[in-house]
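Step one of this worksheet: look at the structure below.
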Amino acid sequence: MSLRVGIVGGGQLARMMIAPAVELGIEVRVLAEQPGMSAALAATAVGDYHDAATVLPFARDVDVLTFDHEHVPQEVLATLVAAGVSVHPGPDALRYAQDKLLMRARLEELGMPQPDWAAVDDASALQDFIDGHGGRAVVKTPRGGYDGKGVRVVRAGTEADDWFAALAEDGRGGSLLVEELVDFTRELAQQVARRPSGEIRTYPVVETVQRDGVCAEVLAPAPRGGERLTEVAAEIGVAIAEGLGVTGMLAVELFETTDERVLINELAMRPHNSGHWTQDGAVTSQFEQHLRAVLDLPLGDTSASAPWSVMVNILGGPEDGGLDDRFAAAMAAHPGAKIHTYGKAPRPGRKVGHVTAVGDDLDDVAYQARAAASVFLG
Ligand code: ADP
């Protein structure tokens, strides 16, 4: 009988695990939030992942349970583990991807390089931090943020009053995270795969380009990186994967500063947008690797299979949903570009697919990927 992996969450990350699962002869089952989601092809259940009574029966039937996102509550995870379900990444690692304040505190204990930060409970504590950091700071909601939602640059302690009020209303209280506004030259991401039995492999560090808080494109490997950057980023990735006991894929989002330091922004413990290029540009894609890692199977080679890969997200597109016609047009105009669509209705700014081009010349590769992606938005 084939191995069975259960994935909580029916988004595009779950969808993109389906193809390598088929190739490896692994059965993937998805617990989707709603019918008709990106990963509907493998959805065997639809239900609320906040509810242990929904997740547990789904999880009992699989060899290992993993995730398309980080939002399954710790209480539900604890119920699964207590029932003997094999969960990867496990709750003790996942908590650091769920809560940015916990993450900052743990990374500090591990002596990892990161921006100055503090937990603040009110406007006056926030003002003190701002005053101590050149009159500006970045405030973040510790939980539930994504794609830049829950991140705000502020110059006054009162600019996060709505978030403090929301925390108070929530009843659970808690603090906001404040960080120094890092003067970065660019953003990078380091991916690492780690098996429960300890085997670990790093991918080449990549450059990520964000627009309006959303990843727009990824250049792999990071141009102008050099050996030092490759080593420093890989060391950070390995130290975090081991220090936090991460299993499966880990993505470490990084800032490269004007004085050439590398600082940790945040963590994701699942396949990540910064690794989509690996589907077409690496020996083993992050989606295959995640399956191998959570099943504790030998990891695949993480080397790039071409000198350069560029991945461009398709963000939004026309409301009339003309993706099919555009798909054909992009294929016709750019036969060398690999187009991936997520089966999602296009809305302005929504990630509905991506394009990857690979080759020997970075400028040409970037042109191909950008031009093919732009056909969808035209
Ligand atoms: P999300 O969880 O929504 O992805 P992030 O914490 O990654 O949020 O922040 C989103 C973007 O905001 C980052 O990619 C970066 O461009 C910017 N950012 C976040 N933290 C800082 C910081 N301390 N200094 C400067 N820019 C920041």
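When each of A189, A156 is tested for being at pLDDT 95 or above and under 14 Å from the mean Cα position of the chain (by Cα), the lone residue that passes is A189. Beta carbons closer than 6 Å, at least 6 apart along the sequence or on distinct chains, pair a first residue in the stretch 31-52 that is open to solvent by less than 50 Å² (accessible area, probe 1.4 Å) with a second that is in a helix (DSSP H, G or I) and not β-branched (V, I, T) for L31/F58; S38/Q12; S38/R15; A39/A14; A39/R15; A45/F58. Every test in (1) open to solvent by less than 20 Å² (accessible area, probe 1.4 Å); (2) free of Cβ contacts under 8 Å to residues at least 60 places away in the same chain; (3) within 21 Å of R15 (Cα to Cα); (4) of a type in the set (A, V, I, L, M) is passed by V283 save one, and that test is (1).
Screening the candidates V365, V358 for the property of being crowded, with 23+ Cβ neighbours inside 10 Å, over 30 Å from A241 (Cα atoms) and of a type in the set (V, I, T) yields one hit, V365. Restrict the check to the stretch 328-347 and report whether at least one residue is closer than 28 Å to R201 by Cβ and open to solvent by less than 20 Å² (accessible area, probe 1.4 Å). Within the stretch 328-347 (the criterion being closer than 28 Å to R201 by Cβ and open to solvent by less than 20 Å² (accessible area, probe 1.4 Å)), the answer is yes, since at least one residue qualifies. Looking at the stretch 182-281, the strands (runs of 3 or more DSSP E) lying wholly inside it that each contain 2 or more residues that are out of contact with any Ser or Thr (no Cβ under 8 Å at 6 or more places or on another chain) and within 16 Å of the ligand (Cβ to nearest atom) sit at 206-211, 214-220, 248-257, 262-268. Looking only at residues of the stretch 102-122 that are open to solvent by 30 Å² or more (accessible area, probe 1.4 Å) and part of a helix (DSSP H, G or I), we find that the one that is farthest from the ligand (Cβ to nearest atom) is E109. Can you name every residue in the stretch 134-143 that is part of a loop (DSSP other than H, G, I, E, B) and either open to solvent by less than 60 Å² (accessible area, probe 1.4 Å) or on the phi > 0 side of the Ramachandran plot (or both)? Answer for the stretch 134-143, where residues must be part of a loop (DSSP other than H, G, I, E, B) and either open to solvent by less than 60 Å² (accessible area, probe 1.4 Å) or on the phi > 0 side of the Ramachandran plot (or both): G134, G135, T141, P142.
Checked against the criterion of being modelled with pLDDT of 95 or more, open to solvent by less than 50 Å² (accessible area, probe 1.4 Å) and either farther than 25 Å from R370 by Cα or not hydrophobic (A, V, I, L, M, F, W, C) (or both), the candidates E217, E199 yield just one match: E217. Candidates L291, L315: the one that is open to solvent by 30 Å² or more (accessible area, probe 1.4 Å), out of contact with any Asp or Glu (no Cβ under 7 Å at 6 or more places or on another chain) and either closer than 25 Å to R347 by Cα or of a type in the set (A, V, I, L, M) (or both) is L315. In this structure, A97 does not qualify as more than 16 Å from the ligand (Cβ to nearest atom) and buried (at least 17 other Cβ atoms within 10 Å of the Cβ).
The values are calculated or read from the model by the stated rules, or taken from the named source; none is laboratory data. Just so you know, these numbers come straight off a predicted model, no measurement behind them. Using ideal geometry, Cβ is built from the backbone for each residue, glycine included, and neighbour counts are taken over all protein chains shown. Protein only, heavy atoms only, side chains kept; ligands, DNA and RNA dropped before computing areas. Shrake-Rupley method; radii C 1.70, N 1.55, O 1.52, S 1.80 Å.
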